[in-house]
Amino acid sequence: RNFLLPNQAKLLLEAAETRDMKFALYCGIHAGLRKLEVVEARSNWFDLDAKLLHVQATDTFQPKDRDNRTIPLTDEFADWLRENYSFNTTFMLAPEVKHGDYRYRFDFRTAYESLVARCGLPNTTFHDLRRTFASLHVSRGTSIYKVARWLGDRLDVVEDHYGHLIPNDKE
């Protein structure tokens with residue numbers, strides 16, 4: 001159950017050389033998306049005015065928990081999206097790639113593994129970015145309930161994995 005420290009997450013984002021990789025990293029670190037959710041992310045999921053990301057089922061994608069969900073966008077992620085996307089394509093990541101027989105429409109695993117190796121973070125999986133999102137929120141005092149809703153996980157799962165990170169409460 002690895003997660004990155006804030007300076008490690010920042011290092012990855014700064015070292016990413018392509019727009020697609022930066023998008024994937026922002027989705028993991030700043031929104032807690034799963035790899036398949038990143039690959040299937042649609043431009044209509046993003047409401048930059050309201051700073052919200054709406055993960056929604058489509059004809060080719062079903063969220064793991066089968067529920068659509070809404071995640072607040074950080075200012076940093078929203079600003080980066082405004083600067084780097086025109087939102088005139090269906091898919092946010094590799095919009096030119098179509099669905100085939102493979103589960104993932106597009107697979108960025110090799111590029112991701114190369115990036116974490118260059119940054120000196122071996123054995124850091126993409127799912128660790130989702131854990132980073134949750135860990136940072138819980139450790140800053142965001143309620144476990146909110147984090148569970150944003151992740152699309154059950155409350156008991158999030159509490160079991162991240163409850164130890166809740167700041168001390170003297171009450």
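The values are calculated or read from the model by the stated rules, or taken from the named source; none is laboratory data. None of the values given here were measured: they were computed from a predicted structure. In this analysis, Cβ positions are derived from the backbone assuming ideal geometry, glycine residues included, and neighbour counts consider all displayed protein chains. The protein model used for the area step is the full one, side chains on, heavy atoms only, and it has no ligands, DNA or RNA in it. Shrake-Rupley method; radii C 1.70, N 1.55, O 1.52, S 1.80 Å.
In this entry, Val55 passes the filter for residues that are over 24 Å from Ser114 (Cβ atoms) and touching a residue at least 60 places away in the same chain (Cβ under 8 Å). Pairs meeting the criteria (first residue in the range 3-17 and closer than 15 Å to Gly32 by Cα, second residue of a type in the set (Phe, Trp, Tyr) and open to solvent by less than 70 Å² (accessible area, probe 1.4 Å), beta carbons under 8 Å, at least 6 apart or on different chains) are Leu13/Tyr26.
Inside the range 31-55, can you point out the residues that are under 9 Å from the mean Cα position of the chain (by Cα) and at positive phi?
Restricting attention to the range 31-55, the residues satisfying the condition of being under 9 Å from the mean Cα position of the chain (by Cα) are 31-35, 37-38.
Hit for the range 31-55 is Gly32, nothing else.
Applying the set (1) in contact (Cβ under 8 Å) with a residue 12 or more places away in the chain; (2) of a type outside the set (S, T, N, Q); (3) open to solvent by 50 Å² or more (accessible area, probe 1.4 Å); (4) within 27 Å of Tyr145 (Cβ to Cβ) to Asp47 leaves exactly one unmet item: (1).
Within the range 129-171, which residues are out of contact with any helix residue (DSSP H, G or I) (no Cβ under 8 Å at 6 or more places or on another chain), open to solvent by less than 60 Å² (accessible area, probe 1.4 Å) and either more than 17 Å from Pro6 (Cα to Cα) or not polar (S, T, N, Q) (or both)? Outline the logic, then answer.
Taking the range 129-171 as the starting set, the residues that turn out to be out of contact with any helix residue (DSSP H, G or I) (no Cβ under 8 Å at 6 or more places or on another chain) are 140-143, 149, 152-153, 156, 160, 164, 168-171.
Adding the requirement that they be open to solvent by less than 60 Å² (accessible area, probe 1.4 Å) leaves 141-143, 152-153.
The answer is Gly141, Ser143, Gly152, Asp153.
For Leu36, the stated conditions do not hold, so it cannot be described as without any contact (Cβ under 8 Å) to a residue 40 or more places away in the chain and of a type in the set (A, V, I, L, M).
Out of contact with any helix residue (DSSP H, G or I) (no Cβ under 9 Å at 6 or more places or on another chain), more than 16 Å from Lys22 (Cα to Cα) and either at pLDDT 95 or above or hydroxyl-bearing (Ser, Thr, Tyr) (or both): does that describe Asp47?
Values: out of contact with any helix residue (DSSP H, G or I) (no Cβ under 9 Å at 6 or more places or on another chain): yes; more than 16 Å from Lys22 (Cα to Cα): yes; either at pLDDT 95 or above or hydroxyl-bearing (Ser, Thr, Tyr) (or both): yes.
Judged against the criteria, Asp47 is a match.
Search the range 2-30 for residues being under 20 Å from Glu96 (Cα atoms) and open to solvent by less than 10 Å² (accessible area, probe 1.4 Å), and hand back the single one that is farthest from the chain's Cα centre (by Cα). Filtering the range 2-30 for residues that are under 20 Å from Glu96 (Cα atoms) and open to solvent by less than 10 Å² (accessible area, probe 1.4 Å), the one farthest from the chain's Cα centre (by Cα) comes out as Phe23.
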